[in-house]
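Data block below; observations after.
The values are calculated or read from the model by the stated rules, or taken from the named source; none is laboratory data. Remember, predicted model here, so these are calculated numbers, not experimental data. Reconstructed Cβ throughout: ideal geometry from the backbone, glycine too, with neighbour counts over all protein chains shown.
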Amino acid sequence: MASTLAPKPVGTSGPDHPDEVIAALASLIRASRAVARQRHDQLGASGTPLAVLKALAHAEDEQARPGDLAVAAGVAPSVVSRVLPRLEEDGLVTRRRDEADARSCHIILTPEGREQLAAIQREYAELLGGALVDVPPEEVRRMPQTLGHLERALLRAADQGGPRHTGLAPSLRPTHATTPLQPTPENRQESH
């Protein structure tokens, strides 16, 4: 899928001028979203339900509270609340009441949920593997580590806050509340 609107770097690249990294990341996000929408019909897996299964697979003991799943999936808790009954009905997750807090529960990934997630991930890996055939193998080997570094850098940047751009035109201002960024479980251990 070729893009006709390639990003135009604003400045030079390097540690002091990350404009090209930002432009490339924005382009990657747009391409990823476009491909996800296109592949949804082909592979059948989508959005929040898949994100919940992935979050559970990376959680300790493959279980988590609904609020933690919302943070990991980057959605509002009400969205996860709407998805969980469908996942339960399909036998992909189960609920267990928290013994210490009767108002709370843990969502647990079932063996069927693990199998479904593994099948989806194999299909995505097969698709991506074919698309990476023209990328030099040494670059493919470095990608996970490089993308992990980039994720941690973005999380550090979010933690630092920064200036608010109050002079933005109304069409450029956010219209919704943002969800705090959280490191993924696998990257929390690699943060240092």
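Odds and ends about this structure:
- In region 94-146, residue surrounded by the fewest Cβ atoms within 10 Å (Cβ to Cβ) [restricted to those that are outside any helix (DSSP H, G or I) and of a type in the set (Ser, Thr, Tyr)]: Ser104
- Check on Glu62, more than 22 Å from Ala153 (Cα to Cα), modelled with pLDDT of 85 or more and either surrounded by 13 or more Cβ atoms within 10 Å (Cβ to Cβ) or touching an Asp or Glu at 6+ places or on another chain (Cβ under 8 Å) (or both): no
- Contact annotation: residue pairs with Cβ atoms under 9 Å, 6 or more positions apart or on different chains, pairing a residue in region 88-115 that is under 20 Å from His58 (Cβ atoms) and touching a residue at least 60 places away in the same chain (Cβ under 8 Å) with a partner that is assigned to a strand (DSSP E or B) and hydrophobic (A, V, I, L, M, F, W, C), are Gly113/Val93.
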